[in-house]
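The values are calculated or read from the model by the stated rules, or taken from the named source; none is laboratory data. Values in this document were obtained by computation on a predicted structure and should not be read as measured data. Cβ placement follows ideal geometry from the backbone for every residue including glycine, while neighbour counts extend to all protein chains displayed. The accessibility values were calculated without ligands, DNA or RNA, using every heavy atom of the protein model including side chains. Shrake-Rupley method; radii C 1.70, N 1.55, O 1.52, S 1.80 Å.
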Amino acid sequence: MHFLSEVLETYIQEHSEAEPKLLQELTRETHLKVVRPRMITGHFQGRVLSILSKLINPKYILEIGTYTGYSALCLAEGLRKTGMLHTIDINPELTDMQRRYFDQSGFGEQIVQHLGDALEIIPRLEQVFDLVFIDAEKLSYDAYFEAVLQRTTSGSIILSDNVLWSGKVVTPLDPKDKVTQILLNYNRKLKEDPRVETVLLPIRDGLTLCRVR
Ligand code: SAH
Ligand code: CA
């Protein structure tokens with residue numbers, strides 16, 4: 001879904017950092033070999049994630065929803081030299097491809113893959129995360145948020161992706177559309193939750209940035 005005209009999107013992309021070559025290859029291979037390639041983070045949003053991570057310069061990053069590893073590699077660009085990124089995905093068919101790209105990127109030793117349901121894995125992690133990217137099953141966003149909040153500290157940043165859900169959050173609700181209803185509740189909760197400061201950024205499909213108080 002394009003919220004801006006295509007010509008504006010092109011202009012914006014052309015006046016932002018170029019997409020690294022490895023990520024171009026990852027995108028190509030994802031489209032060739034993996035189902036639902038629309039889920040991959042694109043050039044512009046990837047550069048946004050990269051620069052946000054560089055501004056935060058985190059020691060520990062947590063990603064929920066690795067897919068083929070695109071967003072993980074963008075976020076890893078901001079890691080401290082001694083930092084680690086933990087990324088979780090439930091789909092075992094993606095693990096080898098993720099690892100191939102992680103190892104080519106130079107961040108291979110700083111990325112830990114976890115295979116399984118994020119809601120089971122997050123409580124077992126011991127780190128305090130400076131930066132979290134929530135991008136897995138939309139119906140579980142609230143549960144992910146509550147679980148990761150326990151693993152953050154004051155000043156930590158929690159990003160939630162696809163919160164505008166192709167604009168469905170502002171169109172009349174189809175009563176059968178559970179995901180939109182869940183995201184409406186989630187967006188309202190983040191705005192009202194006194195534990196975080198929230199801005200919803202109109203980046204791609206909507207990216208909410210919460211700062212833990
Ligand atoms: N962050 C990726 C895209 C993630 S797509 C990128 O920007 O490139 C969503 C991913 O969440 C899928 O790969 C899917 O397998 C994973 N997923 C879905 N349910 C999950 C769960 N319960 N726990 C962990 N991962 C899950
Ligand atoms: Ca996404």
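So the values come out like this:
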item: V48 being in contact with a Lys or Arg (Cβ under 9 Å, 6 or more places away or on another chain) and either open to solvent by 50 Å² or more (accessible area, probe 1.4 Å) or within 15 Å of ligand 2 (Cβ to nearest atom) (or both); result: yes
item: Residues that are among the hydrophobic types (A, V, I, L, M, F, W, C), more than 18 Å from E93 (Cα to Cα) and open to solvent by 70 Å² or more (accessible area, probe 1.4 Å), drawn from region 9-32; result: A18
item: Meets criteria (touching a residue at least 12 places away in the same chain (Cβ under 8 Å), within 16 Å of ligand 2 (Cβ to nearest atom) and over 18 Å from the mean Cα position of the chain (by Cα)) for V34; result: yes
item: Filter result (closer than 18 Å to A118 by Cβ and among the basic types (K, R)) within region 138-192; result: K138, R151
item: Test result for G83, open to solvent by less than 10 Å² (accessible area, probe 1.4 Å) and either among the small types (G, A, S) or over 20 Å from D135 (Cβ atoms) (or both); result: yes
item: Members of region 1-19 found to be of a type outside the set (G, A, S) and touching a residue at least 12 places away in the same chain (Cβ under 8 Å), listed by number; result: M1, F3, E9, I12, Q13, E17, E19
item: Pick from region 58-68, criterion open to solvent by less than 10 Å² (accessible area, probe 1.4 Å) and away from ligand 2 (no atom under 13 Å from the Cβ), ranking: farthest from the chain's Cα centre (by Cα); result: P58
item: Set R188, R204: member being under 21 Å from A72 (Cα atoms) and surrounded by fewer than 21 Cβ atoms within 10 Å (Cβ to Cβ); result: R204
item: Test: T95 is away from ligand 2 (no atom under 16 Å from the Cβ), over 23 Å from N187 (Cα atoms) and hydroxyl-bearing (S, T, Y); result: yes
item: Some residue of region 121-140 being touching a helix residue (DSSP H, G or I) at 6+ places or on another chain (Cβ under 8 Å), away from ligand 1 (no atom under 15 Å from the Cβ) and not polar (S, T, N, Q); result: yes
item: Evaluation of V35 against (1) surrounded by 12 or more Cβ atoms within 10 Å (Cβ to Cβ); (2) farther than 12 Å from G69 by Cα (one fails), failing number; result: (1)
item: Failed item, numbered, when G78 is tested on (1) within 16 Å of ligand 2 (Cβ to nearest atom); (2) touching a helix residue (DSSP H, G or I) at 6+ places or on another chain (Cβ under 7 Å); result: (1)
item: Candidate set: region 115-131, residues that are closer than 11 Å to H86 by Cβ and of a type outside the set (A, V, I, L, M); chosen: the one surrounded by the most Cβ atoms within 10 Å (Cβ to Cβ); result: F129
item: Per-region count, region 145-184, residues open to solvent by 40 Å² or more (accessible area, probe 1.4 Å), within 16 Å of ligand 2 (Cβ to nearest atom) and either among the charged types (D, E, K, R) or closer than 14 Å to R195 by Cβ (or both); result: 1
